[in-house]
Amino acid sequence: MKQPELGQKLIELRQQRNMTQEELVEACNVSVRTIQRIESGEVTPRLSTVKILLSALEVDIEEFKEKTRPTKSAEYFNSLQSWLQVAWIAGIVYFVVGFIDGALEVDRYESGDLDVSPIFYIPMKLLYFISYTIFIYGFIRLSDFFNNYLLKISSYIMIGLFAFITILDIASLYIDISDANLIMIGVGESMSVGVIGILLGIGLMRLQDGMGILAKAAGIIEIIAGACFLLVVGFLMGYIMLIPAIILEVILLFKGYEYIKSERLKTL
């Protein structure tokens, strides 16, 4: 349930039991300020906080979820399910193409020139970007379903950053860039990917309530990879950490696809 409906429902439950906010604080050990902000609709609490509040109000969480489940059409679930299926498949493509892209970039910067034809390099770069965009868009759709705004925003920013890096890589084939500027650009890219990667990891961890421990594991590894990129000197370790992170994220999208599939059946 989204805000402000969640806050209104919690107020109704509290008033049905003739409880004040202070009495609810004593029963659940959640600060009065937090309860005030939740009830007023200012913030959307985590599921764990909702469970604590409902326990204090003597309300079964599963019964509450069933009664307050937003009504979504079969078309909505069909669209979400289709996107998640395409997204996890795109994630596999992105994972495989990533090794080719990495080899091209290492060879290019070690030799100082591109040893393959731009006719191969440019389409490969575009395939890498497109598959990544579809892959990450799966998390944007999943974040909408679970009301995970941090994951949604960080995913959009990461797509934008990835687009900028792709354009820069292709443009550098035709624009002469000094070694000093290349180093500065590389540092800027690494730090930017690191910051957004950490936020993305935190967003993935927040899927834990709905998607289980796999989301937490993927988020932790993404955060570690982001920290390596942020430090710049550890960017190689960052690339290594991305391997298990991407694998877990592909599995997570597949699990999300299966979850939405089961939710869709409930609408039939």
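Restricting attention to segment 9-36, the residues being free of Cβ contacts under 8 Å to residues at least 12 places away in the same chain and surrounded by 16 or more Cβ atoms within 10 Å (Cβ to Cβ) number 1. Can you tell me how many residues in segment 152-187 are within 16 Å of Tyr121 (Cα to Cα), in contact with a helix residue (DSSP H, G or I) (Cβ under 9 Å, 6 or more places away or on another chain) and of a type in the set (Gly, Ala, Ser)? Going through segment 152-187 one residue at a time, the tally reaches 2. Given (1) modelled with pLDDT under 95; (2) of a type outside the set (Ser, Thr, Tyr); (3) part of a helix (DSSP H, G or I), identify the lone condition not met by Asp176. Looking at each condition in turn, Asp176 falls short on (3). Of all the listed residues (Leu199, Leu207, Leu242), the sole one being at pLDDT 95 or above, in the same structural domain as Gly160 (by TED's automatic domain parsing) and buried (at least 18 other Cβ atoms within 10 Å of the Cβ) is Leu199.
Quick check: anything in segment 69-81 buried (at least 18 other Cβ atoms within 10 Å of the Cβ), at pLDDT 85 or above and not assigned by TED's automatic domain parsing to the domain that holds Lys9? Yes, because at least one residue in segment 69-81 is buried (at least 18 other Cβ atoms within 10 Å of the Cβ), at pLDDT 85 or above and not assigned by TED's automatic domain parsing to the domain that holds Lys9. Taking (1) at pLDDT below 95; (2) within 24 Å of Glu258 (Cα to Cα) in turn, Ala90 satisfies each apart from (1). Looking only at residues in segment 47-60 that are surrounded by 13 or more Cβ atoms within 10 Å (Cβ to Cβ) and more than 14 Å from Ile11 (Cα to Cα), the one that is modelled with the lowest pLDDT is Leu47.
Here is a list: Glu189, Glu258. Which entry is surrounded by fewer than 16 Cβ atoms within 10 Å (Cβ to Cβ) and in a helix (DSSP H, G or I)? Lay out the reasoning, then the answer.
Working: Glu189 fails: surrounded by fewer than 16 Cβ atoms within 10 Å (Cβ to Cβ).
Just one listed residue meets the conditions, Glu258.
Exactly one residue out of Lys216, Lys255 is among the charged types (D, E, K, R) and free of Cβ contacts under 8 Å to residues at least 24 places away in the same chain, and it is Lys216. Only residues that are within 26 Å of Ile202 (Cα to Cα) and part of a helix (DSSP H, G or I) were counted in segment 1-27, giving 3.
Leu168 meets the conditions (1) at pLDDT 95 or above; (2) loosely packed, with under 15 Cβ neighbours inside 10 Å in every case but one. The failed one is (1). Scanning segment 221-239 for residues that are surrounded by fewer than 15 Cβ atoms within 10 Å (Cβ to Cβ) and outside any helix (DSSP H, G or I), which turns out modelled with the highest pLDDT? Checked segment 221-239; the qualifying residue modelled with the highest pLDDT is Leu231. Close contacts from segment 135-159, counting a first residue that is within 9 Å of Leu200 (Cβ to Cβ) and a second that is of a type in the set (Lys, Arg) and surrounded by 19 or more Cβ atoms within 10 Å (Cβ to Cβ), with Cβ to Cβ under 8 Å and a gap of 6+ residues or different chains, come to Leu150/Arg206; Leu151/Arg206.
The values are calculated or read from the model by the stated rules, or taken from the named source; none is laboratory data. This is a predicted model, so every value here is computed, not measured. Please note: Cβ atoms are built from the backbone with ideal geometry, for glycine as well, and neighbour counts cover all protein chains shown.
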